[in-house]
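Reviewing the structure listed below.
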Amino acid sequence: MKNILITGGAGFIGSHVVRLFVNKYPEYKIVNIDKLTYAGNLENLKDIENAPNYTFVKADICDFETVVAVFVKHNIDGVLHLAAESHVDRSIKDPFTFAKTNVLGTLSLLQAAKERWKENYNEKLFYHISTDEVYGALQFDETLFTEETKYNPHSPYSASKASSDHFVRAFHDTYGLPAIITNCSNNYGPYQFPEKLIPLFINNIRNNKPLPVYGKGENVRDWLYALDHARAIDIIFHKGKVGETYNIGGFNEWKNIDLIKVIIKTVDKFLGRNEGESEKLITYVTDRAGHDLRYAIDSSKLKNELGWQPSLQFEEGIEKTVKWYLENQQWLDNVTSGAYQEYYEEYYGQKDEK
Ligand code: NAD
Ligand code: TYD
């Protein structure tokens, strides 16, 4: 029996993690704490919201009193911390919100865990889900990020995530808090907010809107299907070594412009358009400030020590993803119109817990 607090469970990756844990571990109690910012959407969890082992709490992780109350009420013994502000472009416009949620919010959770668990750290775990962006940017000829790569964040987003990783390590090293950190590459798949490259472009192609390619489209990202990330989190939560860091990624680097052409081809096929017809929507725009050239992650440690590897080839993952967005156009329309934000009140009323 475990009582697990998942933060940010109404977001993109969090909803995959919540669904996997609720379905796979009926003996666990899963408590999802989420502030429901613009990125939080309870429609992502419709299929499991009535599960007997699932509870939702609408709260801000920065609210220390509430976080402690949740730890006490649900006798939490494991934390999967995903809640964060996650979009680089937003961090460039509003770095304060990123420092608040990503740094102070993480600190609030760490402090609550330490206070509650300090008498007995046995069978407890604080697992922080982080990003490969903390390592900075690679040149084209450089070798991949490993767990030993020095932190060198450039964007306010990655600076805030690096800072939160340092706080997690500080709580482990100073107070003995049992903690694990993972740094994952770019995720894609169903339920991603359409401000990020892949869902934004699928949505724009379907609506015949311009596809804004930053700079020359030559930046490289390393893409992993979100459910494969969730599977890695499951394995690491149960078998990972306390105090360790694991990189997660599928050795799947793509230059943006090449990836965009694959997306266009796949969407055109599903919509019955001529192959490549929507390439006319490509619009080169001013580059993102401080745009990291290349991310690429070496996840050999995770494969060698814990046996995880991605279940999906990229071509299959992209097909599934495009198909999901085109079959769930209502989800996309609700998200882009803001209608999804009414779901909480309709379903949960004014109560914070069901
Ligand atoms: P997301 O933006 O889709 O979801 C974030 C969730 O956190 C939302 O549900 C939001 O409501 C919630 N949240 C935000 N601020 C909160 C607060 N103050 N209190 C409580 N809840 C709050 O993000 P995502 O893409 O699912 O990323 C989840 C985690 O994984 C983040 O920590 C991110 O840094 C990390 N990560 C993401 C990627 C990626 O490609 N998306 C890759 C590696 C790591
Ligand atoms: P994004 O999905 O925002 O993820 P991240 O910045 O965390 O890697 O962007 C992925 C890549 O796509 C990145 O190199 C920026 C680029 N990009 C565009 O060219 N146009 C866009 O409209 C967006 C959102 C991203």
With Cα coordinates, the longest principal axis of the chain makes an angle with the long axis of helix 12-24, in degrees rounded to 10, of 60
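Please give the calculated 222 nm ellipticity per residue for the chain, where each DSSP H segment of at least 4 residues contributes -39500 (n - 2.57) and the sum is spread over every residue; nearest 500 deg cm²/dmol? Before the final figure, lay out each step's value.
Numbers: 13 runs with 141 residues, N = 354.
That calculation yields -12000 deg cm²/dmol at 222 nm.
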Please go through the residue pairs K35/K255; K46/K209; K2/K24; K150/K301; K2/K239 and name each one whose alpha carbons sit more than 23 Å apart in this structure. K35/K255; K46/K209
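Mind ordering 24-34, 116-126 by average Cβ neighbours within 10 Å, highest first? List each step's numbers first, then the result.
Numbers: 24-34: 20.0, 116-126: 15.3.
So the peptides 24-34, 116-126, ranked by packing, come out 24-34, 116-126.
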R231 accessible area, 1.4 Å probe, all protein chains in place, Å² to nearest 10: 80
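Which order do the peptides 59-65, 249-255 come out in when sorted by mean C-beta neighbours inside 10 angstrom, highest first?
Numbers: 59-65: 17.9, 249-255: 19.7.
In decreasing order of mean packing, 59-65, 249-255 become 249-255, 59-65.
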To the nearest 10 degrees, the tilt of helix 156-175 (Cα long axis) against the first principal axis of the alpha carbons of the chain is 20
Counting only the heavy atoms of the protein chains, how much of E218 is accessible to a 1.4 Å probe, in Å² to the nearest 10? 80
Ignoring ligands and nucleic acids, D234 exposes an accessible area, probe 1.4 Å, in Å² to the nearest 10, of 10
Output ordering of 256-265, 197-206 (per-residue mean of other Cβ within 10 Å, highest first) is 197-206, 256-265
Using alpha carbons only, how many degrees (0 to 90, rounded to 10) separate the axis of helix 64-73 from the longest principal axis of the chain? 70
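The values are calculated or read from the model by the stated rules, or taken from the named source; none is laboratory data. Because the structure is predicted, anything quoted here is derived from the model rather than measured. FYI the Cβ positions are ideal-geometry reconstructions off the backbone, even for glycines, and counts take in every protein chain you see. Ligands, DNA and RNA are stripped out before the accessible areas are found, and what is left, the full protein with its side chains, is counted by its heavy atoms. Shrake-Rupley method; radii C 1.70, N 1.55, O 1.52, S 1.80 Å.
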